[in-house]
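What follows draws every value from the coordinates through simple rules; no lab data is involved. The structure presented is a predicted model; accordingly, all values stated were derived computationally and were not measured. Positions of Cβ are generated from backbone atoms using ideal geometry, with glycine treated the same way; all protein chains shown enter the neighbour counts.
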Amino acid sequence: MHRFDPPTRCVVGTVGQPGERTFFLQVQDADRLMSVILEKDQVRILAERIKDILDQVAPIEPHSVSPIPFDDAPLIQPILADFRIGILGLAWDDAENRIVIEAGSRVVEVEEIGEMPELEPEDDDDTNEMLDIRLPVDLARRFVERSLRVVGAGRPPCPFCGNLLDPSGHVCPRANGYRR
């Protein structure tokens with residue numbers, strides 16, 4: 001279990017060209033730096049859900065300014081992935097007024113909806129990596145803002161079919177297979 005309560009920095013960034021990007025969640029405190037790999041859809045959904053929670057429990061007051069500046073700095077080098085995220089959990093800690101992100105390396109299969117599986121310890125420690133991040137409201141808002149920008153900076157969609165465009169174009173199904 002790797003706990004960051006609170007982190008000094010928590011950002012999403014990418015390595016590679018659009019269409020071939022690897023997404024990283026990088027979290028840092030005074031003593032440690034962790035980088036974990038996640039999928040683009042995981043970044044998008046995580047950011048959207050955090051935004052939904054913040055809109056319900058800590059709405060932005062008109063004319064308020066965040067004390068935390070927007071972080072557009074690149075990921076800290078070298079980027080060495082500690083693990084790949086297989087499962088994500090998200091909660092609101094009402095006592096501390098924080099967003100809690102839990103990310104695990106293990107993919108858990110649930111047979112029935114609503115059934116919580118019991119995790120049994122295994123010999124290989126790499127299969128049970130867990131990351132626990134506790135974000136104050138202002139840092140969570142900045143995390144959402146940057147994450148949505150990173151996701152949106154990828155390949156643009158085709159205006160006809162909505163599929164993502166490669167730099168060389170793509171075979172558009174709405175154009176009967178002609179390249180756009």
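Computed packing ranks the peptides 11-18, 84-91 as 11-18, 84-91, most packed first, by mean other Cβ atoms within 10 Å. Among the trypsin sites (Lys or Arg not before Pro) within segment 23-66, those in coil by DSSP and having at most 16 neighbouring Cβ atoms inside 10 Å are Arg32. Qualifying chymotrypsin sites (Phe, Trp or Tyr not before Pro) in segment 127-180, where qualification requires a DSSP coil assignment and no more than 16 other C-beta atoms within 10 Å, comprise Phe160, Tyr178. The GluC sites (Glu not before Pro) of segment 1-109 that meet both conditions, a loop assignment by DSSP and at most 16 other Cβ atoms within 10 Å of the site Cβ, are Glu20, Glu39, Glu96, Glu109. Amide hydrogen proximity for His170: with H placed 1.01 Å from N in the peptide plane, the residues at 5 or more positions away or on another chain lying under 5 Å are Arg180.
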